[in-house]
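Heads up, the thing below is written out as structure tokens.
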């Protein structure tokens, strides 16, 4: 199969997997706190990745370990906890839509941190996308006045982290296999997760004897297998055979899947929110639209 066909295949599968991740996080939070969910997710995913790819760590050089560590903390560790805390206040469908900001921030991060040029279309796309995000957050706060929609900011911070990670993998880790990056990431993340675990309260009777303990743990395991292990390796591979901006274009389809699960679970989703989400995706479209002139270069 050619790289062109493979990258579109990966894009579709990642959209389905990650679009489902938000409802799995929501269900996991029924039996665990955000800290507990995050720690369990990291530890379980690390064990699974070690079982299938521990040997890949030997292919990572001493110089690359620095970027593996940064990639793991920025691309997985921090966002895992940010999304868990955010979804204690905002709907899973809204979280999935806000995640669409990743391509916009990938352009900004690529320019500011990695000196990657961007076009006028991409600049306009960033502005349009951010405007749509603001409208979406305001609408969500009006529909759910009892919730703190400032927590949406945690999702936005997570998308900036993802943008940094996409550029790091493309520019600094292109010689490391996708599985090697994933295993290396979680080898680094496992250390702080194990340090946090004893203080998380996950072993307390009120947690282990709770009515949602087993079901929530099951959702977390599914989340680890699909949304963390399989998707992490596929995403790293996608970056290798495409570009950072194309790879994060998975966020075009993630909201569709996320909204589907959210509405199915009883979440409110209005036409105004749909329109705000469409504005964000239009911004993403502008970011990905090719244009050969009016490029902004670093002097």
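A short reminder: the numbers here are calculations on the coordinates, not readings from a lab. Since we're looking at a predicted model, the values are computed, not measured. In this analysis, Cβ positions are derived from the backbone assuming ideal geometry, glycine residues included, and neighbour counts consider all displayed protein chains.
For region 22-66, report the convex hull volume of the alpha-carbon atoms normalised per residue, in Å³, without decimals. Display every interim value, and only then the final one.
Details: hull volume 4.6 nm³, N = 45.
For region 22-66, the hull spanned by Cα atoms encloses 102 Å³ per residue.
What are the extents of the Cα atoms of region 54-139 along their three principal axes, in Å, largest first?
For region 54-139, the Cα spread along each principal axis is 49, 37, 16 Å.
Taking 0.36 nm per intervening residue step and subtracting the Cα-Cα distance, what contour gain separates residue 195 from residue 51 on full extension?
Numbers: separation 144, 0.36 × 144 = 51.84 nm, distance 2.15 nm.
Taking 0.36 nm per residue and subtracting the Cα distance, the gain is 49.7 nm.
Under the Kirkwood approximation for Rh and a Cα-based Rg, what ratio Rg/Rh is obtained for region 186-233?
Checking Rg against Rh, the ratio lands at 1.04.
Averaged across orientations, what area in nm² does the convex hull of the alpha carbons in region 102-260 project? Don't jump to the answer; show the numbers that get you there.
Details: hull surface 48.0 nm².
Convex hull of Cα atoms, orientation-averaged projection: 12.0 nm².
May I ask you to derive the FRET efficiency for residue 6 and residue 66 from their Cβ-Cβ distance with R0 = 51 Å, giving the value to the nearest 0.05? Show your work: numbers first, answer last.
Numbers: r = 29 Å, r/R0 = 0.58.
FRET efficiency, residue 6 to residue 66: 0.95.
What residue among 102, 155, 263 shows peak mean-square fluctuation when the chain is described by a Gaussian network model with Cα springs under 10 Å?
263
Which residue fluctuates the most in the chain, going by a Gaussian network model with Cα springs under 10 Å, if the choices are 83, 186, 269?
Greatest mean-square fluctuation among the candidates belongs to 269.
Any idea how far apart residue 205 and residue 112 come out in nm if each label point goes 7 Å out from Cα toward Cβ?
Label at residue 205, label at residue 112, 5.0 nm between them.
What percent does the relative contact order of the chain come to when contacts are Cα pairs within less than 8 Å and at least six residues apart? Intermediate results must be reported in sequence, preceding the final value.
On the way: 451 pairs, mean separation 123.8, N = 299.
This gives 41 percent for the chain.
Per Stokes-Einstein, at 20 °C and 1.002 mPa s, what whole-number D in µm² s⁻¹ belongs to the chain, with the Kirkwood radius over Cα pairs as the hydrodynamic radius?
On the way: Rh = 19.5 Å.
Here the translational diffusion coefficient equals 110 µm²/s.
Give the Rg/Rh ratio for region 30-178, taking Rg as the radius of gyration of the Cα atoms and Rh as the Kirkwood radius, to two decimals.
When Rh is taken as the Kirkwood radius, the ratio is 1.02.
Would you kindly state how much longer the chain becomes between residue 33 and residue 260 on full extension, computed as 0.36 nm times their sequence separation minus their alpha carbon distance, in nm to one decimal? Working shown, then result.
Working: separation 227, 0.36 × 227 = 81.72 nm, distance 2.47 nm.
Extra length from residue 33 to residue 260 when fully extended: 79.2 nm.
Once every DSSP H run of n ≥ 4 in the chain is given -39500 (n - 2.57) and the sum is divided by its residues, what mean residue ellipticity at 222 nm do you get, rounded to the nearest 500 deg cm²/dmol? Don't jump to the answer; show the numbers that get you there.
Details: 15 runs with 208 residues, N = 299.
Calculated mean residue ellipticity at 222 nm is -22500 deg cm²/dmol.
Using Cα springs under 10 Å in a Gaussian network model of the chain, which residue among 63, 122, 36 shows the largest mean-square fluctuation?
Sorting by GNM fluctuation, first place goes to 63.
In nm, what is the difference between 0.36 nm times the number of residues separating residue 148 and residue 121 and their Cα-Cα distance? Display every interim value, and only then the final one.
Working: separation 27, 0.36 × 27 = 9.72 nm, distance 3.37 nm.
Difference between extended and current length: 6.3 nm.
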